[in-house]
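Peer 1: Can you keep this structure in mind? I'll have questions shortly.
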Amino acid sequence: GAVVSQHPSWVICKSGTSVKIECRSLDFQATTMFWYRQFPKQSLMLMATSNEGSKATYEQGVEKDKFLINHASLTLSTLTVTSAHPEDSSFYICSAQGLAAYEQYFGPGTRLTVT
Amino acid sequence: SQKIEQNSEALNIQEGKTATLTCNYTNYSPAYLQWYRQDPGRGPVFLLLIRENEKEKRKERLKVTFDTTLKQSLFHITASQPADSATYLCAGNQGGKLIFGQGTELSVKP
């Protein structure tokens, strides 16, 4: 149980285009999902907290107009990177919160490369 | 600012030995710490959680400690195997969020 999927697993896009990444909780409902990004050999950095039916809460320094988050259902959150640039190339990972606040189940990640 | 710090240097050990990884926290007191395993190109996989009022927790070959005086958690893998080679992440709670350390890469040689 407690499986989280992400789609796509990797994507290459041209500079200036937008990319949407999906995060799904497959066998449980998640009111809260989190989006992280990770650069090589670095830690996971929380970008935003996504709550179903409400606006996402962004961490300091994360541009909310660039990283659009939508959490329209209890099993799906999406992250759209708008007008992507090469510096947005990174590994994006989502997690879904379980019944207890300390439970986070992570997706397999999405590798984004912007050329 | 609140920080979780791990030894960024890779840890190389021989198969069968015990691997010990360190996690230190500064400028706050997490109610619990979690340890995750991350393989290259994959998301983290949960291993263990330890609460601040627990001194030690075990799961199979894994053992984790929580020392609130030293502000430190130690993560041990006994009888290590090459399959244990991965990056291990420590995370502390901050409200409903997690703060991650940078991870320690473990390599177990046969």
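The values are calculated or read from the model by the stated rules, or taken from the named source; none is laboratory data. As the structure is a prediction and not an experimental result, all values here were calculated from the model. As a convention, Cβ positions derive from the backbone with ideal geometry for all residues, glycine included, and neighbour counts pool all protein chains shown. When the accessible area is computed, the model is the full protein with side chains, heavy atoms only, and any ligands, DNA or RNA have been set aside. Shrake-Rupley method; radii C 1.70, N 1.55, O 1.52, S 1.80 Å.
Peer 1: Roughly how many Å² is the accessible area per residue of the protein assembly as shown, as a whole number, for a 1.4 Å probe? Please list the in-between numbers first.
Peer 2: On the way: 11200 Å² over 225 residues.
Counting only protein heavy atoms, the per-residue value for the protein assembly as shown is 50 Å².
Peer 1: Quick one: Karplus J couplings for the range B:51-62, per residue in order, coefficients 6.51, -1.76, 1.60, θ = phi - 60°, nearest Hz, x for Gly and Pro?
Peer 2: 8, 5, 8, 9, 7, 8, 9, 10, 8, 6, 8, 9
Peer 1: Calculate the FRET efficiency for A:Glu52 and A:Tyr102 from the Cβ-Cβ distance with a Förster distance of 25 Å, rounded to the nearest 0.05. Please report the intermediate quantities before stating the final value.
Peer 2: Numbers: r = 19 Å, r/R0 = 0.76.
Using R0 = 25 Å, I get an efficiency of 0.85.
Peer 1: Next up: Could you tell me whether the range A:8-48 comes out rounded, prolate or oblate from its Cα gyration tensor? Rule is a ≥ b ≥ c as square roots of the eigenvalues, rounded for a/c under 1.5, then prolate if a/b exceeds b/c, otherwise oblate.
Peer 2: It comes out oblate by the Cα gyration axes.
Peer 1: Right, something else. Can you work out D for chain A in µm² s⁻¹ from Stokes-Einstein, where Rh is the Kirkwood radius over C-alpha pairs, the temperature is 37 °C and the viscosity is 0.692 mPa s? Can you show the working numbers first?
Peer 2: Numbers: Rh = 14.0 Å.
For these conditions, the coefficient is 235 µm²/s.
Peer 1: Now for a separate question. Pairing rule first: another cysteine's C-beta must sit under 4.7 Å. Under that rule, which cysteines of the protein assembly as shown stay single?
Peer 2: A:Cys13
Peer 1: Using alpha-carbon pairs under 8 Å, 6+ residues apart, how would you state the relative contact order of chain B in percent? Working shown, then result.
Peer 2: Working: 274 pairs, mean separation 40.6, N = 110.
Reported as a whole number, the value is 37 percent.
Peer 1: Could you tell me what percent of the accessible area of the range A:17-81 is made up of carbon and sulfur, with a 1.4 Å probe and every protein chain present?
Peer 2: 49 percent
Peer 1: Suppose each label sits 7 Å from its Cα in the direction of the beta carbon; what would the B:Lys3-A:Gln29 distance come out to in nanometres?
Peer 2: According to this spin-label approximation, the distance is 4.2 nm.
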